[in-house]
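Step one of this worksheet: look at the structure below.
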């Protein structure tokens, strides 16, 4: 079939008929033109089928349907090779540009997807040691294209409520609430500490539980730590309840009472003699477990961050914080 270029008058008429707001309808699609291009490049239906990982009858059907839709022959067979007709050559040259533009469009979409990252929302119980977590958040953000982070310190109940509402992606707590998936994150040492001038240090002997029960214990309020680890609370005595582990440490350093705190948090203060370990007769160290809890099982970014935390928790840096 003879092929001719569209004249200026024809192009103007076509534009006027459709108008700028017209949404065109297509007889063919990009997948069909890609199939035709594969046949031409690889010389036969069989080779094109192998390249596209489809059956040879599927290739034959696609080409036959295209020719029927367009009302013209696109290929002619010369021996075992399939070659373009004059019409096919003219149309495929234009289709080749469309395929390149479509591929570029999808690459642009991928770039946009990677550059506009979702927020990773993390909720931690108020007694968790944020100073250990913050450097890991920075590292994760840098390694993942400056991912946006939202970190919230919550009570035990608040953490569970946020997980239920899915306003956070990942929770870190001493226990996994019923109905949620989670995994063990880290195990850390909690030790009893007080100001060096605290009355308990003046006894100059190993301490028993009755000694502790006569003194003020500083604890975090609304925390899951004491629920999951009841042995960290004195059976009797006075408790001062505060909102966060930061305030617990500050109160102990002001000699307002004693507390159980993570060794990794108070080690530096002990070395500076701002705090001192209480010499308990037994149970000097309590191991506390922390878990990562997922609001949604498919939260890939939350799981990736959790994997990095688990790796960090078993690193030499963590091991160096062992009780000396």
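For the reader, a short list of remarks on this structure follows.
- Looking at region 1-61, the helices (runs of 4 or more DSSP H) lying wholly inside it that each contain 3 or more residues that are at pLDDT below 55 and surrounded by 10 or more Cβ atoms within 10 Å (Cβ to Cβ) sit at 8-18.
- Of the listed requirements (1) touching a residue at least 60 places away in the same chain (Cβ under 8 Å); (2) under 30 Å from residue 306 (Cα atoms), residue 87 misses just one: (2).
- Residues (at pLDDT below 85 and out of contact with any helix residue (DSSP H, G or I) (no Cβ under 7 Å at 6 or more places or on another chain)) located in region 305-317: 310, 311, 313, 314, 315, 316, 317
- Residue ID - surrounded by the most Cβ atoms within 10 Å (Cβ to Cβ), chosen from residues in region 82-124 that are under 16 Å from the mean Cα position of the chain (by Cα) and at pLDDT 85 or above: 123
- Against the list (1) modelled with pLDDT under 85; (2) under 27 Å from residue 219 (Cβ atoms); (3) in a helix (DSSP H, G or I), the condition residue 127 fails is (3).
- Those residues of region 260-283 which are in contact with a strand residue (DSSP E or B) (Cβ under 7 Å, 6 or more places away or on another chain) and under 18 Å from residue 203 (Cβ atoms), in sequence order: 275, 276, 277, 278, 279, 280, 281
- In a residue-by-residue description of region 151-166, the property of being at pLDDT below 90 and part of a loop (DSSP other than H, G, I, E, B) applies to at least one position.
The values are calculated or read from the model by the stated rules, or taken from the named source; none is laboratory data. No experiment lies behind these values; they were computed from the predicted model shown. Positions of Cβ are backbone-derived with ideal geometry, glycine not excepted, and every protein chain shown enters the neighbour counts.
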